[in-house]
Amino acid sequence: MQPFAIVALLLILARAITELCLSRLNQRHVRANANEVPTAFREIIDEPTYRRSVDYTLAKSRFGEIAGAFDFLLLIAVLFSGVLPWAFGKFTANFGTSVWAMASFLLVTGIALSVLALPFAWYAQFKLEERFGFNTTTMKTWVVDRVKGFLLALLLGYPLLALVLKLIEWTGANWWLWAAAVVIAFQLLLLLIAPAIIMPLFNKFTPLPEGALRGRLFALAQRTNFPTRSIDVMDGSKRSRHSNAFFTGFGRFRKIVLFDTLVAQLNEPELESVLAHEIGHYKKRHVLKLLGVSIAGVFVAFAAIAWLARQQWFYRAFGFEYEGGFLAVNVVPAMLLPTYSSAAQIERKESDQSYPAPDLQRFLLLTSDVAGTRTRAANGDLMRGFCRAGASPAGRQPERLPYNRQHRRSPRRAPPQRPPRRKT
């Protein structure tokens, strides 16, 4: 094994071990606080509900370990088994080395890896979420979502890949600058068209009905000088009982989106607190900061790929033949192999303090994973430090800042289709 391959293997192994240790540390703190409802939550949540929250947190953590182990083994197999050079050789022998053929190889490789992860996605949705009463997705919806995602990748991603590879031949040594600029322009275009074209393919958006709630939320937006075109309700209950809220778009096209589960779960002051939280992200320029980090990450990634594409040792470490030159076929292996990640964490504390609302703390308690919240308080510094150094999905839309919280019951509003819970 080549020296660089050994270094890469050790780094991958170190990351996997670190993730496992942090997961076990998290589980240990959850179990240590599992038998008593935290003082701050006693007026809001009963013991059976808290116990179920603990069980859900532990179940998700254990499943995450299994999925992480699979990802680790798959990455090792893909990088060091020789399957990529073999597949690349077979593909080029049958389909040639044109730009369109190379774009096809990159796309097919990505789809193949995503297909291998489908059983885990299915289990998480239809077993884990179902067991705790959160899943509302039908098998038909689940399959259709993935078919739509595949078609979008084909219609949008394939031409983009081909254009990036063509730039290698058109622009020579500086191809990576042009490629990064094209990808960034494409991402910005998606931010503009996604709310109107892409997101409605997956969910139904309806304007928030006229009434006291709508007036209250628009009044908050005007009071805080937050430009918004509309406030929409999304049919999140079509897939899950989890709740969420976000804003999307830019300038006069910006709109606020509330999950229907969130609207059903919270009362008007609590929903106003949710919007105040989102406005806090806007006022603290978290979206622009995240977008800036994403843009810088794209340039760094393409610069790294361009540099690696000129290193013979890099190709040999993973079993490829080094040919050099500014042709798509010679750069594709360097685009396949590096694992590039960028970290950008939104500080909720800062955004929450931007526009303090008396009901925000209550909302956070109602909709958070109660056991997980206490766990993060116990070892948050360690976990945050690791997350800042970890990976986030490439291409994540920076304007969407999800709460990612578990659905919890409000004493004054019950979520749709939820059985009543016993109160102490």
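Of the residues making up the stretch 12-26, those that are surrounded by 15 or more Cβ atoms within 10 Å (Cβ to Cβ) and either under 15 Å from LEU73 (Cα atoms) or without any contact (Cβ under 8 Å) to a residue 60 or more places away in the chain (or both) are ILE12, ARG15, ALA16, GLU19, LEU20, SER23. Of all the numbered requirements in (1) touching a helix residue (DSSP H, G or I) at 6+ places or on another chain (Cβ under 7 Å); (2) surrounded by 15 or more Cβ atoms within 10 Å (Cβ to Cβ), ASP46 misses one, and that requirement is (1).
Selection of strands (runs of 3 or more DSSP E) fully inside the stretch 227-295 by the criterion of at least 2 residues being in contact (Cβ under 8 Å) with a residue 24 or more places away in the chain and closer than 16 Å to LEU191 by Cα returns 245-248, 255-259.
Would the stretch 215-225 turn up any residue that is in a helix (DSSP H, G or I), touching a helix residue (DSSP H, G or I) at 6+ places or on another chain (Cβ under 7 Å), of a type in the set (A, V, I, L, M, F, W, C) and loosely packed, with under 13 Cβ neighbours inside 10 Å? So far as the stretch 215-225 goes, no, none of its residues is in a helix (DSSP H, G or I), touching a helix residue (DSSP H, G or I) at 6+ places or on another chain (Cβ under 7 Å), of a type in the set (A, V, I, L, M, F, W, C) and loosely packed, with under 13 Cβ neighbours inside 10 Å.
Say we look at the stretch 102-161 and pick out the residues that are of a type in the set (Phe, Trp, Tyr) and part of a helix (DSSP H, G or I); which of these is farthest from PHE72 (Cα to Cα)? Explain how you work it out, then say what you get.
Taking the stretch 102-161 first, the residues of a type in the set (Phe, Trp, Tyr) are 105, 120, 122-123, 126, 132, 134, 142, 150, 158.
Subsequent filtering for residues that are part of a helix (DSSP H, G or I) retains 105, 120, 122-123, 126, 142, 150, 158.
Details: PHE105: 23, PHE120: 14, TRP122: 19, TYR123: 19, PHE126: 24, TRP142: 26, PHE150: 24, TYR158: 27 Å.
Filtering the stretch 102-161 for residues that are of a type in the set (Phe, Trp, Tyr) and part of a helix (DSSP H, G or I), the one farthest from PHE72 (Cα to Cα) comes out as TYR158.
So is ALA34 within 30 Å of PHE320 (Cβ to Cβ), surrounded by 14 or more Cβ atoms within 10 Å (Cβ to Cβ) and touching a residue at least 24 places away in the same chain (Cβ under 8 Å) or not?
Working: within 30 Å of PHE320 (Cβ to Cβ): no; surrounded by 14 or more Cβ atoms within 10 Å (Cβ to Cβ): yes; touching a residue at least 24 places away in the same chain (Cβ under 8 Å): yes.
Judged against the criteria, ALA34 is not a match.
Is one or more of the residues making up the stretch 87-95 touching a helix residue (DSSP H, G or I) at 6+ places or on another chain (Cβ under 6 Å), farther than 26 Å from SER243 by Cβ, surrounded by fewer than 16 Cβ atoms within 10 Å (Cβ to Cβ) and hydrophobic (A, V, I, L, M, F, W, C)?
Looking for residues that are touching a helix residue (DSSP H, G or I) at 6+ places or on another chain (Cβ under 6 Å), farther than 26 Å from SER243 by Cβ, surrounded by fewer than 16 Cβ atoms within 10 Å (Cβ to Cβ) and hydrophobic (A, V, I, L, M, F, W, C), one finds at least one in the stretch 87-95, hence yes.
Might you let me know whether the stretch 162-180 holds any residue that is surrounded by 17 or more Cβ atoms within 10 Å (Cβ to Cβ) and under 21 Å from the mean Cα position of the chain (by Cα)? No.
Within the stretch 179-214, the residues that satisfy the criterion of being of a type outside the set (A, V, I, L, M), part of a helix (DSSP H, G or I), out of contact with any Gly (no Cβ under 8 Å at 6 or more places or on another chain) and within 28 Å of THR136 (Cα to Cα) are PRO200, ARG214.
Are there any helices (runs of 4 or more DSSP H) wholly within the stretch 1-101 with 2 or more residues that are more than 30 Å from GLY157 (Cα to Cα), and if so which? Quick ask: steps written out before the conclusion?
Values: elements: 3-32, 47-80, 83-95.
Of the helices (runs of 4 or more DSSP H) lying wholly inside the stretch 1-101, those with at least 2 residues that are more than 30 Å from GLY157 (Cα to Cα) span 3-32, 47-80.
Screening GLU210 against (1) over 25 Å from PHE134 (Cβ atoms); (2) surrounded by 19 or more Cβ atoms within 10 Å (Cβ to Cβ); (3) among the acidic types (Asp, Glu) leaves a single unmet condition, (2). Restrict the check to the stretch 268-290 and report whether at least one residue is at pLDDT below 90, closer than 28 Å to LEU151 by Cβ and either acidic (Asp, Glu) or touching a strand residue (DSSP E or B) at 6+ places or on another chain (Cβ under 8 Å) (or both). Within the stretch 268-290, not a single residue is at pLDDT below 90, closer than 28 Å to LEU151 by Cβ and either acidic (Asp, Glu) or touching a strand residue (DSSP E or B) at 6+ places or on another chain (Cβ under 8 Å) (or both).
In the stretch 110-140, which residues are charged (D, E, K, R) and surrounded by 15 or more Cβ atoms within 10 Å (Cβ to Cβ)?
To start, the set of residues in the stretch 110-140 that are charged (D, E, K, R) comprises 127, 129-131, 140.
Matches in the stretch 110-140: GLU129 only.
For SER81, the conditions (1) under 29 Å from ALA179 (Cα atoms); (2) more than 27 Å from the chain's Cα centre (by Cα); (3) not hydrophobic (A, V, I, L, M, F, W, C) are fulfilled apart from (1).
The values are calculated or read from the model by the stated rules, or taken from the named source; none is laboratory data. As the structure is a computational prediction, the values presented were derived from the model and not from experiment. Cβ: placed from backbone, ideal geometry, glycine included. Neighbour counts: every protein chain shown.
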